[in-house]
Amino acid sequence: MTALARSRARGVQTLALDSPHRRNALSAALVAELTAALTDAGRDTDVRAVVLTHTGTTFSAGADLRDPPDPDALVGLLRTLVELPKPVVARVTGHVRAGGLGLLAACDIAGASTASTFAFTEVRIGVAPAVISLPLLPRTDPRALARLYLTGERFDAAEAARIGLVTAAGDDVDAVLEPVLDGLRRASPQALAETKRLLTARVLEAFDRDAAQLTALSARLFASPQAREGMTAFLERRDPEWVV
């Protein structure tokens, strides 16, 4: 059963995370399906750009705790977004948590509605935002990221734009993104690919340097007793035992 809705209009391929009953959590199956769909779009000469969006009120709640993706597969998805020879534009009209923020950071441009909310919730279940740091650290304000990583607190679309997590925010995200998509449709495919290569060079350096270390960290933390307690507490809708 697919967890991804697809449509196309005037050279823009839209991929919508489509498991609203699971808050579009990143399961192993969804990560594999999205990676394959992006790869197909990258090879399709009729595709000028990709829009990554969602159905329901949540863009993505992060890793699916019942069926989490392998850390290497998540790295592969993030790298596919960064390396794709077509610009990828995120369109957000809902909540984004944990691993979902990694998807936003891996996109070239991101627009969010003012109804959107964001949080790095990993520390509250006993893990760290390890793999998603590969695109986040090179692209996001470091002082703001330190606070948001360490506290897990929620923040709004205006703050997400201020710190560089999203490009722009507004009441109507489609109005925000309209000039972006118009510009991409007017650009040469060759020029888009080479310009994106210039823009992503530093991000890919982080992948080459740190991916193995961060996937190992992620795997170790998810297998730890504190993570088991944190995930159990989350699923049982209670505070974990370490809350004081």
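The values are calculated or read from the model by the stated rules, or taken from the named source; none is laboratory data. None of the values given here were measured: they were computed from a predicted structure. Here the Cβ is made from the backbone with ideal geometry for all residues, glycine too, and neighbour counts use every protein chain on show. What goes into the accessible areas is simple: the full protein's heavy atoms, side chains included, and nothing from ligands, DNA or RNA. Shrake-Rupley method; radii C 1.70, N 1.55, O 1.52, S 1.80 Å.
Measuring nothing but protein heavy atoms, the accessible surface of the chain at 1.4 Å probe radius is 53 percent carbon and sulfur.
Taken per residue, the accessible surface of the chain reaches 48 Å², heavy atoms only and a 1.4 Å probe. Pick from H95, H54, H21: which is most flexible by mean-square fluctuation in a GNM of the chain where alpha carbon atoms under 10 Å apart are linked? Fluctuation is largest for H21.
Region 171-206 and region 54-130 have Cα centres spaced 18 Å apart. Can you give the % of DSSP beta bridges in the chain that are antiparallel, to the nearest 5? Given both bridge residues lie in the chain, the antiparallel proportion sits at roughly 25 percent. For the Cα atoms of the chain, what angle does the longest principal axis make with the long axis of helix 142-151, in degrees from 0 to 90, nearest 10? Helix 142-151 sits at roughly 40 degrees to that axis.
Based on the alpha-carbon gyration tensor of region 123-165, what equivalent-ellipsoid semi-axes (square roots of 5 times the eigenvalues) come out, in whole Å, largest first?
17, 13, 8
Normalised by the number of residues in the chain, the average gap of Cα pairs under 8 Å and 6 or more apart makes the relative contact order 19 percent. Helix 225-235 and the longest principal axis of the C-alpha atoms of the chain enclose an angle of approximately 70°. Compared with the dominant Cα axis of the chain, that is its longest principal axis, helix 189-222 is turned about 10°. Within the shell of other residues whose beta carbon sits under 12 angstrom from the beta carbon of E159, the net charge comes to 0, with Lys and Arg scored +1 and Asp and Glu -1.
Indicate the gyration tensor shape class of region 2-75 (rounded, prolate or oblate), computed on the Cα atoms with a ≥ b ≥ c the square roots of the eigenvalues: a/c under 1.5 is rounded; otherwise a/b larger than b/c is prolate and the rest oblate. Verdict is oblate for region 2-75. Panel note: the C-alpha atoms of the chain, placed on their principal axes, show extents of 55, 41, 37 Å (largest first). Legend: calculated FRET efficiency, V243 to A201, from the Cβ-Cβ distance at R0 = 51 Å, rounded to 0.05, equals 0.75.
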